[in-house]
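Taken together, the values in this text are just the output of simple stated rules run on the coordinates, not laboratory data. On a predicted model such as this, the values are computed, not experimentally measured, just so you know. Here Cβ is always computed from backbone atoms with ideal geometry, including for glycine, and neighbour counts include all displayed protein chains.
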Amino acid sequence: MTCEPRTDASGELRAASQAQPNIALIKYWGKRDAALNLPVVGSLSITLDSLWTRTDVRFVPGQKQDQVSLNGRSDEAEAKRITKCLDLLRACAGVDYGAEVASRNNFPTAAGLASSASGFAALVHAGARALGLDLSLEEQSVLARRCSGSAARSIFGGYVEWAHGKLADGADSVARPLLDSEAWPLRVAVAITSTAAKQVGSTEGMRRTAETSPYQSAWIDTQEADLSVARNAILARDFDALAQISEYSCLKMHALALAAQPGLLYWNGATVECMHRVRALRQQGVPVFFTVDAGPQVKAVCAPSAIEQVKAALRDVPGVLEVLDTGLGEGARAIAADLVEA
Ligand code: DP6
């Protein structure tokens, strides 16, 4: 990793970036090394476009503590994770400056909408530039992974694969773009069924699953085959094949987590009803499939021509509060600082 600050880093140590959440079609669940945040399985995702996190980072020489504002409020638990993430950037740059961080999401935080993925991707992207670090996107992805696994994928746009890797130091556990979003511009309808923060976060959920679920080894053993099917489906733009393997990976991840002790039940009634609704649409010939992460929201991935029909069907499900609509988008990028508070 290129851990020297650029010699031209001077003036204000400040930068702002935007990153979008990504949704895994082949899921990451489980760690082979919790300290380095290395996954036991590879995963494959799509980066979204109209949901975003915007983050402004300013390092202040002489300041001891970090000051963090998330959606205009302080949040102690998140501030700790942010400080740990900034520590990686500070270690890379060889400085100990405290930082002022302001971050804003335009979607519900910590409710299974991958806010940690976009949040840490934006933080690393902005923080590295603020410190004048000249990091490649792959290097930024490695740092983002250490802050939250799925953030490794939000550094890139479109279809992204993150390898589990075999090396102990994680040098080969890198996310890489597989296909641009414009090459296969699918759409995603997101059914929001609750805006409450989830009770068991992904990190704790994965730990509990690995320790207690009897299905853990079957999960690991079958992942490579799923990745290969999904990769080929994406490269061939084969919607039906991608639909089948994505729903399979989603349900398999939840079956694994449901079998933990105590079982991890991220769904509510509306979540289940939305999944039935999506399958009923597909049976009628509508190109759509569902995926659900560690929360109660349902993401329905569809062909652009089907988006209005899918949104209308999900809006009709009792318990659905709102249906968001997004295409696939780019990776993390620089923005003007005034866009963060705007
Ligand atoms: C269900 O990346 O949030 O969304 O690495 O512990 O921060 P940590 O977990 P996180 O887990 C995401 C889990 C998932 C599946 C996925 O995104 O692949």
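For this structure, a couple of remarks:
- Within the chain: Cβ-based charge dipole about Cα centre, in debye rounded to nearest 20 (Lys, Arg +1; Asp, Glu -1): 520 debye
- Note on the chain: the alpha carbon radius of gyration divided by the globular reference 2.2 N^0.38 Å gives 0.96.
- Sorted largest first, extent of the stretch 183-240 alpha carbons per principal axis (Å): 38, 34, 15
- Cα-based Lys pair tally, the chain, threshold under 27 Å, eight or more apart or on separate chains: 25
- Between Ala126, Asn105, Tyr266, the Cα set farthest toward the positive side of the dipole of the chain (charges on each charged residue's Cβ, about the Cα centre) is that of Tyr266.
- Listed residue (Ala117, Ser202, Gly157) projecting farthest to the positive dipole end of the stretch 110-221, Cβ model: Ser202
- Nearest-20 debye value, the stretch 80-159 charge dipole, Cβ charges on Lys, Arg, Asp, Glu: 280 debye
- Debye, to nearest 20: dipole size of the stretch 3-71, +1 on Lys, Arg Cβ, -1 on Asp, Glu Cβ: 240 debye
- Bridge orientation summary for the chain: considering DSSP beta bridges with both residues in this region, about 90 percent are antiparallel.
- Across the options Ala91, His276, Gly11, the greatest Cα extent toward the positive end of the charge dipole of the chain (unit charges at beta carbon of Lys, Arg, Asp, Glu) belongs to His276.
- Chain lengthening between Ala77 and Glu4 when straightened (0.36 nm per residue, less Cα-Cα): 23.3 nm
- Each other residue within a Cβ distance under 12 Å of Gly119 adds +1 if Lys or Arg and -1 if Asp or Glu, for a net charge of +1.
- When DSSP beta bridges are restricted to pairs lying wholly in the stretch 45-166, around 75% turn out antiparallel.
- Residue exposure sequence - Asp226, Asp338 - by fewest surrounding Cβ within 10 Å: Asp338, Asp226
- Cα gyration tensor category, rounded, prolate or oblate, for the stretch 104-165 with a/c compared to 1.5: oblate
- The angle separating the long axis of helix 76-93 from the principal Cα axis of greatest extent in the chain is about 60 degrees.
- Remark on Leu13: its backbone amide H falls under 5 Å from those of Phe59, a criterion applied only to residues 5 or more positions apart or on other chains, H modelled at 1.01 Å from N.
- Per residue, the average separation of C-alpha pairs within less than 8 Å and at least 6 apart gives the stretch 258-330 a relative contact order of 26 percent.
- Sorting Asp56, Asp75 from the fewest to the most surrounding beta carbons within 10 angstrom yields Asp75, Asp56.
- Principal-axis analysis of the Cα atoms of the chain puts helix 269-283 at an angle of about 60° to the longest axis.
- Relative contact order for the chain, counting Cα pairs under 8 Å that sit 6 or more residues apart, in percent: 25 percent
- A simple rule links phi to the HN-Hα coupling: the Karplus curve 6.51 cos²θ - 1.76 cosθ + 1.60 with θ = phi - 60°, which for the stretch 62-75 gives x, 7, 8, 9, 8, 10, 10, 10, 10, 6, x, 10, 8, 9 Hz, with x for Gly and Pro.
- Choice from Ala102, Ala312, Ala233 showing the highest fluctuation, given a GNM over the chain with Cα pairs closer than 10 Å: Ala312
- Sequence-distant residues sharing a close amide H with Asn71 (under 5 Å, placed H): Ser103, Arg104, Asn105
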